[in-house]
Amino acid sequence: MARDSSETKARLRKLWFQVHKWIGLVLAILIVPISLTGSALVWHDWVDEAVNPERKVSAEATQPAAFYAQAARAALAPKEALLSLTYPDGQGAVLATAARESRGAAGGRPVRTQLYLDPTDGHVLDRAASNAGFVRVMHRLHGSLMVPGLGRPIVGWVGVAMMLSAFTGLWLWWPFRGGFTRGFRWQRSPTTSGNLHHQFGFWIALPLFALSLTGAWISFPAFFGALSGEQGGQRGGPGGAGGGGATPLLETQLGPDQALAAATPFATGALRSIAWPTEREASWTIGFAREGGNAEAKVDDASGQAAAPEPPRPETTARLMRRIHDGTGTGAVWQIIIFLGGLIPAGLAVTGVIMWLDQRKRRKKAERNRMSREEAAAAAA
């Protein structure tokens, strides 16, 4: 009976080894960029400042909104219209986002012009397209491998494969014989790469499973939304974040200062954003800081009447999954775990390939030795 149990374990171990090995080998070229960009994006604001030092300024935004709007318009192309102003949390540049009159490619995300304005005198510190820049490229690489249409599902399926890899890796790490502590021995493998793979793989297995699950959830919101009983596939952000794909109105009844004055009685904190009326919604959207996110007051452009922000919505499972995945508001400890959860899997992919190549070399060497022995035996006969 014990022998049958041991043989069953050995067969399962062989099966899981093959699954684990081929997931790593086939997906290594995708795992490495997804993992490394995920690590860097945990602290994307710091990375953005590091690669774009010209955008960094030690001053707070104290000028009227109309001042920044005028400064931005002076730097825009003739067919560009101002869409929103986004204010820094404390010191930093004011971000002005503009949209072109044309909609761009059908079905594609509209490309916006982003101007980083000095909060003191309004001069342009930097100008960039919304889809350009190092950090934005990392976001696109991490979320869709920069492949239009199919990239996001591919990343989602990589996440599913990584969940399976984490599970099978933990199974293979578990000592086949002896106690649990035997798994922490360094010399479980004859090579350094193998020992590194065993040890780091164990410590990252559970965080990697969580990050892979949340990544798959983000990639397939409709599927997981149906499982959790929530509406899937809903994406979007505050009006000040860019206004989605709507085109801003070229002429408005109110100015930004007037809209802000009308919304100020409903302020819940510091000013965060001002979004211009668009062809979809002829209202100004004024964003104020609020615990758990921004509060948005709407100001009708025609009447000047302001509507109070909606009360905070309960956190959805989809939002929780995203926060777990990117570390927003989760504290330094989990953010460090996410950072390591990107670096270590990339290293595991590399050591896994090295282990596979070493195994092939050993097998070829053993085969050559066997053939040499057979040839020697035949010659002696």
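List of remarks:
- Within segment 69-84, considering residues that are under 11 Å from Pro256 (Cβ atoms) and touching a residue at least 60 places away in the same chain (Cβ under 8 Å), the one surrounded by the most Cβ atoms within 10 Å (Cβ to Cβ): Ser84
- Residue within segment 170-186 that is open to solvent by 60 Å² or more (accessible area, probe 1.4 Å) and in contact (Cβ under 8 Å) with a residue 24 or more places away in the chain present: yes
- Residue within segment 135-149 that is closer than 18 Å to Leu249 by Cβ, surrounded by fewer than 19 Cβ atoms within 10 Å (Cβ to Cβ) and over 16 Å from the mean Cα position of the chain (by Cα) present: no
Conditions tested, residue by residue: (1) in a loop (DSSP other than H, G, I, E, B); (2) out of contact with any Ser or Thr (no Cβ under 6 Å at 6 or more places or on another chain); (3) modelled with pLDDT of 90 or more.
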{"site": "Phe223", "(1), (2), (3)": "no, yes, yes"}
{"site": "Leu227", "(1), (2), (3)": "no, yes, no"}
{"site": "Glu230", "(1), (2), (3)": "yes, no, no"}
{"site": "Gly233", "(1), (2), (3)": "yes, yes, no"}
{"site": "Gln258", "(1), (2), (3)": "no, yes, yes"}
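- The set of residues in segment 311-342 that are open to solvent by 70 Å² or more (accessible area, probe 1.4 Å), charged (D, E, K, R) and part of a helix (DSSP H, G or I) comprises Arg319, Arg322.
- Scanning segment 281-316 for residues that are out of contact with any Ser or Thr (no Cβ under 9 Å at 6 or more places or on another chain) and of a type in the set (D, E, K, R) yields Glu281, Glu310, Arg313, Glu315.
- Residues in segment 260-310 that are in contact (Cβ under 8 Å) with a residue 60 or more places away in the chain and in a loop (DSSP other than H, G, I, E, B) were compared, and the one that is nearest to Gly329 (Cα to Cα) is Ala270.
- Considering segment 29-68, the residues that are open to solvent by 60 Å² or more (accessible area, probe 1.4 Å) and charged (D, E, K, R) include one that is farthest from Gly329 (Cα to Cα), namely Glu54.
- Listed by position, the strands (runs of 3 or more DSSP E) enclosed by segment 37-151 that each have at least 2 residues that are of a type in the set (Val, Ile, Thr) are 94-100.
The values are calculated or read from the model by the stated rules, or taken from the named source; none is laboratory data. Since the structure is predicted, the reported quantities are computational estimates derived from the model, not experimental observations. No Cβ is skipped: glycine too gets one built from the backbone with ideal geometry, and neighbour counts run over all protein chains shown. Side chains are part of the model used for accessible areas, which takes the heavy atoms of the whole protein and leaves out ligands, DNA and RNA. Shrake-Rupley method; radii C 1.70, N 1.55, O 1.52, S 1.80 Å.
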